[in-house]
Amino acid sequence: MKEFKQTIKDEISYTGVGLHSGKVSTITFKPARKNEGIVFIRTDMEGNPEILADIEHVIDISRGTTIGVKKATVATIEHVLAAIKGLNIDNIRIEVNGPEVPVADGSAIVFLELLKKVGIVQQDSERVYMEFDKPISFSAPADNVDVVIVPSDDLKVTFMVDYKQKALGTQYTFMPSLDVFEQDFASARTFCFLHEILSLKEAGLIKGGSLKNALVVADPDIPQEEIDKLRKKFDYKDEIQVGSDGLLNHTPLRYYNEFVRHKVVDLIGDIALLGVPIKGHILAARSGHKTNVELVKKLRKLYKKQELQKLYQEKKTKDIIFDINAIQKILPHRYPFLLVDKIIEFDTGESIVGIKNVTINEPFFNGHFPGHPIMPGVLIVEAMAQTGGIMLLNSYPHPEEYVAYFAAIDNVRFRKPVLPGDTLRFELKVISMKRGLAKMHGDAYVGETKVCEGDFLAKVMKK
């Protein structure tokens, strides 16, 4: 059944203080054209610069998610994005007259209710999902984070956190679909630990933080002098107490496991940076903004590969990214100079693995050499270059409009002859890529034996 993209019916605004900047700003939500995506506009800057809310524009994840283009930045956008995605809104324009969106009450519910108030309208554009045909995993051992996404007909989230702080301990939650986001997750507030607050304050952050927009967790046995230091830093006149539950001033929880539910809010907001909704069951342990963003980067590469397969690969074949028919749509080469048969691995902008089946019917064997057929080394190098060209061209929106010219080939070594009946495997990795100029290293194998290697410098240009 087809689904269609959505935007809001009318504009609506909210004014509040930014969590880290402490500056008052007004955020205004406006309808957007179909396929425009989620766009932030800095109305306080000359030219009203626009910033598309996607992973390519993330510039900081130290305490929340910040996007930017040149000097224009917008900080702490994750709760706004969570509200937008929680309502299945695809296209929206968000004007803000400062460097940070308001923190509101530290959750997504304020923004979600604003958007519901103006209403949601369907657009004449079909919604496309990123789907999974097999599980994918992401780990960050240094941060003790593990994330797995398994195939599902809907977006589901299972999340677990475990903190040494006894007031929190281990918490778990499950979101069966976005249908329950508003009721069961959107009101969960951001939280921090008391020992973090002073260091954040000294770093010039949380200038707009208060007990009204965040849950603060402390050890019930914390010395009174630490509490007094906190009151002085924040110029807080009222009394501050640490309850037996570990929360400052016994702040009532909105959910019994509000902390882990807020982690789901952050995850939904960060996943919005992918730029396309997903159908999959996310199982996450201890993930935060940093690892969420790294996960989205991985998903973005996978999605680009899926889109390229849809564009060029007519028949979906197991273990093949591009077959020879797809390759001919990408490369300008033709017989007898097309020397790549299929692509079996492809990580957009990073690496590629191609296959060439060498047969006695290759035209070059007639003269190289009669009675002793050996594949010319220069053609092995050319085949590697063509494989790398497929990767480079697919870094552009319309690869068929470009061609890769090789400017230099260095450090080439031939280690073993390639004979009829051999299957060549080309493995190329990008060393650097900037302004259409790419440097790659390539290795060619027959089985597990390396037969050739070299470094390639290529320039991608329009035909």
First select every other residue whose beta carbon is under 10 angstrom from the beta carbon of Glu401; then total the charges, Lys and Arg +1, Asp and Glu -1. +1
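At a 1.4 Å probe radius, which order do Ser287, Ser210 fall into by accessible area, largest first? Please list the in-between numbers first.
Working: Ser287 5, Ser210 45 Å².
The ranking, largest first, comes out as Ser210, Ser287.
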Starting from the Cα-Cα distance between Lys23 and Asp60, subtract it from 0.36 nm times their residue separation and give me the gain in nm to one decimal. 11.5 nm
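Distance check, please: which entries in Lys70/Lys156; Lys301/Lys439; Lys70/Lys329 exceed 24 angstrom between their Cα atoms? Don't jump to the answer; show the numbers that get you there.
On the way: Lys70/Lys156 35 Å; Lys301/Lys439 19 Å; Lys70/Lys329 36 Å.
Too far apart for the 24 Å limit: Lys70/Lys156; Lys70/Lys329.
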How far apart, in nm, are the 7 Å Cα→Cβ label points at Ile344 and Thr43? 5.7
Give me the distance in nm between label points sitting 7 Å out from Cα along the Cα-to-Cβ direction at Tyr163 and Val128, one decimal. 4.1
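Any chance you could run the full-extension gain for Lys34 through Lys329? It's 0.36 nm times the residue separation minus the Cα-Cα distance, nm to one decimal.
Values: separation 295, 0.36 × 295 = 106.20 nm, distance 2.91 nm.
In short, 103.3 nm is gained.
Rank these by accessible area, largest first, 1.4 Å probe: Ser25, Ser13, Ser187. Write out the running numbers ahead of the final one.
Details: Ser25 5, Ser13 60, Ser187 25 Å².
In descending accessible area the options line up as Ser13, Ser187, Ser25.
Taking all protein chains in place and a 1.4 Å probe, what share, in percent, of the accessible surface of the chain do carbon and sulfur account for? Intermediate results must be reported in sequence, preceding the final value.
Working: 11260 of 22320 Å².
Answer for the chain: carbon and sulfur cover 50 percent of the accessible area.
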Can you list the residues of the stretch 371-413 with backbone N under 17 Å from a point 7 Å past the Cα of Phe364, pointing along Cα to Cβ? 371-389, 406, 409-410, 412-413
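How much mean residue ellipticity at 222 nm does the chain get from its helices, if each DSSP H run of length 4 or more adds -39500 (n - 2.57) and you divide by all residues, to the nearest 500 deg cm²/dmol? Mind showing how you got there, number by number?
On the way: 9 runs with 104 residues, N = 463.
That calculation yields -7000 deg cm²/dmol at 222 nm.
For the pair Lys9 and Gln183, what calculated FRET efficiency results from E = 1/(1 + (r/R0)^6), where r is the Cβ-Cβ distance and R0 = 30 Å, to the nearest 0.05?
0.85
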Report the extension gain between Arg415 and Val121 in nm, rounded to one decimal, defined as 0.36 nm multiplied by the number of residues separating them, less their alpha carbon distance. 99.5 nm
Counting alpha carbon pairs within less than 8 Å and at least 6 residues apart, what relative contact order, in whole percent, applies to the chain? 13
Straight-line reach check, Lys164, cutoff 24 Å on alpha carbons, 8 or more apart in-chain or any other chain, hits among lysines -> Lys201, Lys229, Lys263, Lys290
Starting at the first residue of the stretch 356-366, write each ³J(HN,Hα) from the Karplus equation 6.51 cos²θ - 1.76 cosθ + 1.60 with θ = phi - 60°, in whole Hz, x for Gly and Pro. 10, 8, 8, 10, 5, 7, 4, x, 6, 5, 4
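May I ask you to work out the translational diffusion coefficient for the chain at 20 °C, viscosity 1.002 mPa s, via Stokes-Einstein with Rh from the Kirkwood sum over Cα pairs, reported in whole µm²/s? Intermediate values should be presented prior to the final figure.
Numbers: Rh = 25.1 Å.
My calculation gives 85 µm²/s for D.
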Tell me the label-point distance for the pair Asp455, Lys71, using the 7 Å Cα-to-Cβ offset, in nm and rounded to one decimal. 3.9
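Over the chain, with the other protein chains present, what is the accessible area per residue in square angstrom, probe 1.4 angstrom? Working shown, then result.
Details: 22320 Å² over 463 residues.
I get 48 Å² per residue for this part.
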Just to confirm the number: angle between the C-alpha axis of helix 258-271 and the first principal axis of the chain, 0 to 90 degrees, nearest 10? 40
Going by accessible area, probe 1.4 Å, with all protein chains left in place, what is the ranking of Met1, Met45, largest first? Met1, Met45
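The values are calculated or read from the model by the stated rules, or taken from the named source; none is laboratory data. Note that the structure is predicted; figures quoted are calculated from it, not measured. As a convention, Cβ positions derive from the backbone with ideal geometry for all residues, glycine included, and neighbour counts pool all protein chains shown. The protein model used for the area step is the full one, side chains on, heavy atoms only, and it has no ligands, DNA or RNA in it. Shrake-Rupley method; radii C 1.70, N 1.55, O 1.52, S 1.80 Å.
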